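The values are calculated or read from the model by the stated rules, or taken from the named source; none is laboratory data. Because the structure is a prediction, the values reported are computed rather than measured. A quick note on method: Cβ atoms are made from the backbone with ideal geometry, for glycine too, and the neighbour counts reach across all protein chains shown. SASA here: full protein model, heavy atoms, side chains in, ligands and nucleic acids out. Shrake-Rupley method; radii C 1.70, N 1.55, O 1.52, S 1.80 Å.
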Amino acid sequence: MNTNRITLIDELRGFSLLGILLANLLIFQYGIFGKDEIAFFDLPKWDITGYYFTKIFIESSFMPIFAFIFGYALILMADKLQDKQLPIKRYFFRRFIALMIFGFLHTYFIWEGDILLTYGSIGIILLMFLKRKPKTLLVWFIIFSSIIVLLGIGGTEEEAGILYSEETITTFLQESTAIYQTGSYSEIRDHRMNDTPFELGEMELMIILIMAPLMILPMFLIGMYAAHRKWLEQPKYFKRLAILLVPIGLLFKIAPYFITFYDFSMLGGNVLALGYVFLFAHLYEKFRASRFMAAFEQFGKLSLTNYILMSVIFTLIFYAYGLGLFAKVGIWLAVFIAIIVYTLQVIFSNLYLKHFKQGPLEWIIRVIVYWNFKSKPKMKKVQEVDNAI
């Protein structure tokens, strides 16, 4: 595989994780339900500005980048495994099961905003698309994107009050804030895992749980399609696509604040994510030798380890069993803290990779995938002979 292509993918991973962290700050310090009920926390105007900046420019636009890179890298890894005559689907299945296990442990013991369980489960779905032609991937991308477009009909007003009443969410947030600020580790964990403000039946909740992963499936599929078409190897298009997609994505993200009959937020998040991908790729081509760009690469090479480490650090900052700063910091100060932590993790990643080839959690994943403590595939003797010849 082309070295520049691999480097760009690592840097995009690091870039997307920075955005995911900035978006997750709303969950870390206001809760997974409180982040969308920000009026409850009575923030000053300066922080309200930061809140809407995060909602428009960051939230729902960096997880799709990670999904795009996930799909893109999937095809590259499949090609590499095929070249080595290794069992592609078997290795990927183990990889996705390992991600799901990490995701469950992450959710249960650390934090409820996990993405690994979702990405692992979607990865298993993607096995059905792995050997499909690029045209087929594009068709399925269009189909699932059309579903997202249709689900936006009715807008935000129709959604209000469906999941929970105002009285229920207010009571829940009061209890949630008290637990996160003063509760023990076990009390916080039990609250995260068991308490919700939802006023839905079991069937309705089941439908939501099934549909939720499918909402980000298009970005995985377009990533796979992009890998086949080598999108990240065509720099002459990067600037043009960024100029086109970033403004359109931002317009879609802003639209729900002015238009109530249709919810553009999910569509806007995906469009803006693609715009960010091409904008970053353009900057990569111009400044690839800079230390600033290299920082994203170092972080991205240890993406799994750094992702889990971020959760550990920020739950210790905001939850009662750590510093207990839940709902006390504000938007901009939290962003400042996040940038400092991210920088420290970049330094850690750089130092770590001088001594080791892969992160500790990345090593565990590879051990599970290859079923080998050397974290390398076991090559058949015949194959080794062929390679030697």
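What the table below lists for this structure:
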| read-out | value |
| --- | --- |
| Selected from Gly34, Ile147, Phe102, residue furthest toward positive end of dipole (the chain; charges at beta carbon) | Phe102 |
| Accessible surface of the range 209-313 [probe 1.4 Å, protein heavy atoms]: carbon and sulfur percent | 72 |
| Within the chain, helix-based [θ] at 222 nm, where runs of 4 or more DSSP H residues each add -39,500 (n - 2.57), nearest 500 | -23500 deg cm²/dmol |
| GNM flexibility winner over the chain from Gln358, Gln234, Gln345 (Cα, springs under 10 Å) | Gln234 |
| Per residue solvent-accessible surface (Å²) - the range 262-381, probe of 1.4 Å | 50 |
| Cα-based equivalent ellipsoid, the chain: semi-axes from gyration tensor eigenvalues, Å | 35, 25, 22 |
| Cα-Cα separations in the range 194-338 greater than 19 Å, expressed as whole percent | 73 |
| Most mobile of Pro87, Pro235, Pro218 in a GNM of the chain (Cα contacts under 10 Å) | Pro87 |
| Electrostatic dipole magnitude of the chain [Cβ: Lys, Arg +1; Asp, Glu -1; Cα centre; debye, to 20] | 2880 |
| Solvent exposure, largest accessible area first (probe 1.4 Å, DNA, RNA and ligands not counted), of Lys253, Lys328 | Lys328, Lys253 |
| Spin-label pair Glu112/His355, simplified geometry with 7 Å Cα→Cβ offset, distance in nm | 3.8 |
| Distance between modelled label sites at Leu244 and Lys84, nm, 7 Å Cα→Cβ extension | 3.7 |
| Gyration tensor verdict on the range 1-125 (Cα atoms; rounded if a/c is under 1.5, prolate if a/b is larger than b/c, oblate otherwise) | oblate |
| Burial order of peptide ranges 131-142, 170-181 (average beta-carbon count within 10 Å, highest first) | 170-181, 131-142 |
| Relative contact order for the chain, counting Cα pairs under 8 Å that sit 6 or more residues apart, in percent | 28 |
| List Glu233, Glu167, Glu112, ordered by accessible area with a 1.4 Å probe, largest first | Glu167, Glu233, Glu112 |
| 26 Å Cα-Cα threshold exceeded, pairs from Lys135/Lys236; Lys230/Lys301; Lys89/Lys301; Lys55/Lys354 | Lys55/Lys354 |
| Per residue accessible area in Å² of the range 1-140, where ligands, DNA and RNA are left out and the probe is 1.4 Å | 43 |
| Relative packing of 54-62, 38-46, 144-152, which averages over residues the other C-beta atoms within 10 Å, highest first | 54-62, 144-152, 38-46 |
| Protein-only accessible surface order, largest first, of Trp231, Trp363 at 1.4 Å | Trp363, Trp231 |
| Whole-angstrom gap from the range 1-56 to the range 228-279, using each part's C-alpha centre | 17 |
